[in-house]
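Below is one structure, written out as structure tokens, with a few remarks after it.
We did not get these values from a lab; they are worked out from the coordinates using the rules stated. Quick caveat, the model's predicted, so the values are computed rather than measured. So basically every Cβ, Gly included, is an ideal-geometry build from the backbone, and we count neighbours across all protein chains shown.
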Amino acid sequence: MLRTLFTIGLIAMLGLVALKLVFGLLGPLVALLFTLLGFAIRVVLIGAVVYFVLRVVSPETAARIEKAIRG
């Protein structure tokens with residue numbers, strides 16, 4: 001019973017150290033990751049809107065673009 005408590009405490013302490021490492025020392029890398037993720041989401045949304053508008057305005061052009069992308 002006592003050994004189990006010490007094991008759980010040790011695992012919790014290791015988890016806290018890992019979190020401190022990830023968000024402390026590697027914080028700028030995590031921030032860069034989220035910044036790039038946000039940029040990628042914006043690019044995908046803008047591309048989807050442009051494709052949708054193109055699909056409504058000129059379905060033939062949209063079909064050619066889709067065919068070119070798929071190979």
Unit charges on C-beta of K, R, D, E only; dipole of the chain, Debye = 80
task = Provide the per-residue ³J(HN,Hα) series for region 54-70, in order, calculated from phi with Karplus coefficients 6.51, -1.76, 1.60 and θ = phi - 60°, each as a whole number of Hz, with x at glycine and proline positions.
result = 4, 5, 6, 6, 9, x, 5, 5, 4, 5, 5, 5, 4, 5, 5, 6, 6
inquiry  = Using the Karplus curve 6.51 cos²θ - 1.76 cosθ + 1.60 with θ = phi - 60°, what ³J(HN,Hα) values do you get for each residue of region 15-27, in whole Hz, with x for Gly and Pro?
reply    = x, 5, 5, 5, 5, 4, 5, 5, 8, x, 6, 9, x
remark   = Applied in sequence order to region 35-48, the curve 6.51 cos²θ - 1.76 cosθ + 1.60 (Karplus, θ = phi - 60°) yields integer Hz couplings, x standing for Gly and Pro, of 5, 5, 5, x, 5, 5, 5, 4, 4, 5, 5, 5, x, 5
message = So, R0 is 35 Å and r is the distance between the beta-carbons of I11 and F34; what FRET efficiency does that work out to, to 0.05?
response = 0.80
key: Cα-based convex hull, region 2-70, per residue volume (Å³, whole number)   = 132
